[in-house]
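J.: Take this structure first; my questions come after.
The values are calculated or read from the model by the stated rules, or taken from the named source; none is laboratory data. From a predicted model like this one, the values you see are computed outputs, not experimental measurements. Neighbour counts run over all protein chains shown; Cβ positions are idealised from the backbone, glycine included.
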Amino acid sequence: MSLTLISFPQIITKQATAPTITTSSVLWRDTDDDVLYFSDGTSWKQFSSASDSAGFESMISQMIINVLKLSAEGTLTAPDYSFLYCDYFADADGQDGTINDSDSTGFFSSSSYANFTNATYDSDSLTPSLDTAVGATSTKYGVKITTDSACWLKTVTKNSNVTATKCYLQTNAHTDIVSTDFVGDVATFNTDNFLANASTYYIVVDNAGASYIPYKKDPDANIPYNGSLINITADNQDDSGVIRNIEGITADTSQEGYVLTNVQSLPSTPAYVYLYCDKTLVGTGAVSIDVSFDNGVTWDSTGNDLNTKVAVVDGSGKNMILKINLDGEGDGNRASITDYAVLLWSS
């Protein structure tokens, strides 16, 4: 036995001679004629014409997806898997919860994940410049924002008179999510700084805890300030008449993204991994996978093609994480996936 499909769980025996039938609906691949058979409980029935291995792999994976859809969409109870390595994207976490939604940056929509696309670079600038100096402080001051669309925070521009050195993205509860240093008057954030749609955040600045000079615009600041992606609703003291320290915010909805799975504990490290996904590509969109067997600390291999047997390099770890890369940087280039199934080979 060299192929174990853990998703049902289902086992495909791969050998030249017919195995002894012990139950119905099991599968056997005859390696002599490359034909797939299933048992009716007493005899083997031919399941397909002669084909290559890749054809079997894709066919079996699509069968799994169809069963998952039936379970998810119908009135049936989803199967109780011993080891679950396939999922139907019925919600942002996956129908059976194998998606690490908190660490994934792919956009969930209409039962699929995709990179953001069909949007241009957005610049939300606040004018005129802030004009009133405030007494020196070490308190974090900034602005309260809401989002009109899911997007990534790109840059924050402070007033040139503000002596702060760091910029922070905070939750609605004023908890720091991430910080970055100002280079001149601009703080640049990386592509992991995702802002959810219709959500509230704070963007604030300080001098890493030391004293700095803040500036504000009052009392007739144009609040709320409504941009195409981000709205300034108040300063971070909820005073709707003040814009404090911040002069410009840019956000972008056209980014590459990825879907990360939760860790799956394997009974043993496989020799090959095969990931099947329904996918849709537009323009220069592409999908690839990275594979880890140590909880994502290191990656056994990266940039692998879908629907292809990927050889395991290390083979010492048993905690598998998959990263499905949705590559479509730039306006109009789209990569999306619907559902996934993973096949593991022991040899």
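J.: Would you pick out the residues in the stretch 296-312 that are of a type outside the set (Gly, Ala, Ser) and surrounded by fewer than 13 Cβ atoms within 10 Å (Cβ to Cβ)?
T.: If the condition is that a residue be of a type outside the set (Gly, Ala, Ser) and surrounded by fewer than 13 Cβ atoms within 10 Å (Cβ to Cβ), then 297, 298, 302, 305 are the ones that fit.
J.: Still on this structure, please answer the following. Given (1) touching a Gly at 6+ places or on another chain (Cβ under 9 Å); (2) closer than 26 Å to residue 92 by Cβ, where does residue 300 come up short, assuming only one miss?
T.: (2)
J.: Looking only at the stretch 249-265, decide whether some residue is at pLDDT below 90, part of a loop (DSSP other than H, G, I, E, B), exposed (fewer than 15 other Cβ atoms within 10 Å of the Cβ) and among the small types (Gly, Ala, Ser).
T.: no
J.: Can you give me the number of residues within the stretch 284-313 that are under 16 Å from residue 256 (Cβ atoms), of a type in the set (Ser, Thr, Tyr) and assigned to a strand (DSSP E or B)?
T.: 2
J.: Could you list, in sequence order, the residues of the stretch 300-313 that are closer than 17 Å to residue 268 by Cα, in contact with an Asp or Glu (Cβ under 8 Å, 6 or more places away or on another chain) and without any contact (Cβ under 8 Å) to a residue 40 or more places away in the chain?
T.: Correct list: 300, 313.
J.: Further question: Tell me yes or no: at least one residue of the stretch 326-339 is under 19 Å from residue 272 (Cα atoms), surrounded by 15 or more Cβ atoms within 10 Å (Cβ to Cβ) and either at pLDDT below 90 or not acidic (Asp, Glu) (or both).
T.: no
J.: So residue 292 ticks every box in (1) within 17 Å of residue 104 (Cα to Cα); (2) modelled with pLDDT of 95 or more; (3) surrounded by fewer than 18 Cβ atoms within 10 Å (Cβ to Cβ) but one. Which box is left unticked?
T.: Of the numbered conditions (1) within 17 Å of residue 104 (Cα to Cα); (2) modelled with pLDDT of 95 or more; (3) surrounded by fewer than 18 Cβ atoms within 10 Å (Cβ to Cβ), the odd one out for residue 292 is (3).
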